[in-house]
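Note sheet for the following structure.
The values are calculated or read from the model by the stated rules, or taken from the named source; none is laboratory data. Note that the structure is a prediction, hence the values are computed from the model and not measured. Because the Cβ atoms are built from the backbone with ideal geometry, glycine has one as well, and the counts that use them run over all protein chains shown. Keep in mind that these areas ignore ligands, DNA and RNA; they rest on the heavy atoms of the full protein, side chains included. Shrake-Rupley method; radii C 1.70, N 1.55, O 1.52, S 1.80 Å.
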Amino acid sequence: MFPPKRILFPVDFSERCSDAARMVETLAGHFQAELTLLYVLEPLTYNDLPFDASALTQEQLNGYLTEELKHFDVNRVLLHGEPASRIAEYAQANSFDLIMLPTHGYGRFRRLMLGSVTAKVLHDAACPVWTGVHMEHVPRLEDIAFRKVVCAVDLGEQSCPTLRWATEFAAEFGADLTVVHAVPEAKDVVSLYADQQAKEKLMHNAKERVQAVKDCVGSSAEISVVAEDVAYAVCGAAGREKADLVVIGRSVAEGVLGRLRANAYSIIRQSPCPVISV
């Protein structure tokens, strides 16, 4: 899983996608990763004229970001079908280590707020997924740096793999790492002495459990345990730390929400910096 040696970059030719390419170039270059650009051509609907756009789309894909990625040996793949399903299936079938795509796109990815494509890829993909809301704020290539990384853990079974990924990433870039855990049930404790003791006990127990997660991966990260709702706590920590990246875990359980739980969705939407979901 780490380091990412095979990176998949689904594209839709939008401005946000072009902005995200600077981050893709940074990570692919640092890790000397094989890079694949993937475009998924959706089936015609009843409103579309009967026209086979494959040849024109392949030509557009072949010319997309050629100058920006001129130092990379880039694979350019055109598939047909429903975008999110095809992206997740292609990533799984070809053993990619990381998928990188912005949370909002226009063009073919424009249909829902988080983006139906991004949300479904986060739900279905087995490998880590990089997402970023504020693509218009991606620095110039020469100014991109990772100095501060925030890793959120929920103390579930994905916590050790998530912190391990964040620890290795931070070490690669010499970044400071803070591990954040939210304790929402301690948020509304009133000021009565007995309730304050209960809050302190909740916070103390949480810190001990976070320390156990750190010990399981040999991390030296700072610990921040916050009596707040999860998304508020994680995104608030990212803002205070001026983080360049947030690392979160996705559920390994199947079910209605699958791998993308409500907290992950909220963190990604609200984060002031890109998020990698492990």
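Table for the structure above
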| read-out | value |
| --- | --- |
| Counting DSSP beta bridges with both ends in the chain, the antiparallel % (nearest 5) | 10 percent |
| Nearest 10 degrees, 0 to 90: helix 54-63 Cα axis against the chain principal axis | 60 degrees |
| The chain - percent of accessible surface contributed by carbon and sulfur, probe 1.4 Å | 50 percent |
| Relative contact order %, the chain, counting alpha carbon pairs below 8 Å whose residues are six or more apart | 20 percent |
| Residue-averaged [θ]222 nm for the chain, counting only DSSP H segments that reach four residues, each worth -39500 (n - 2.57) | -12500 deg cm²/dmol |
| Nitroxide proxy distance, nm - points 7 Å out along Cα→Cβ at residue 92 and residue 212 | 3.2 nm |
| Partner aspartates and glutamates for residue 70 [C-alpha distance under 15 Å; skip if fewer than 8 residues away on the same chain] | 25, 34 |
| Reachable lysines from residue 207, criterion Cα separation under 25 angstrom, eight or more residues apart if same chain | 148, 187, 199, 242 |
| Per-selection Kirkwood Rh - the chain (Cα, Å, 1 d.p.) | 19.7 Å |
| Sites matching GluC sites (Glu not before Pro) across the range 1-96 that sit in DSSP coil, with at most 10 neighbouring C-beta atoms within 10 Å | 67 |
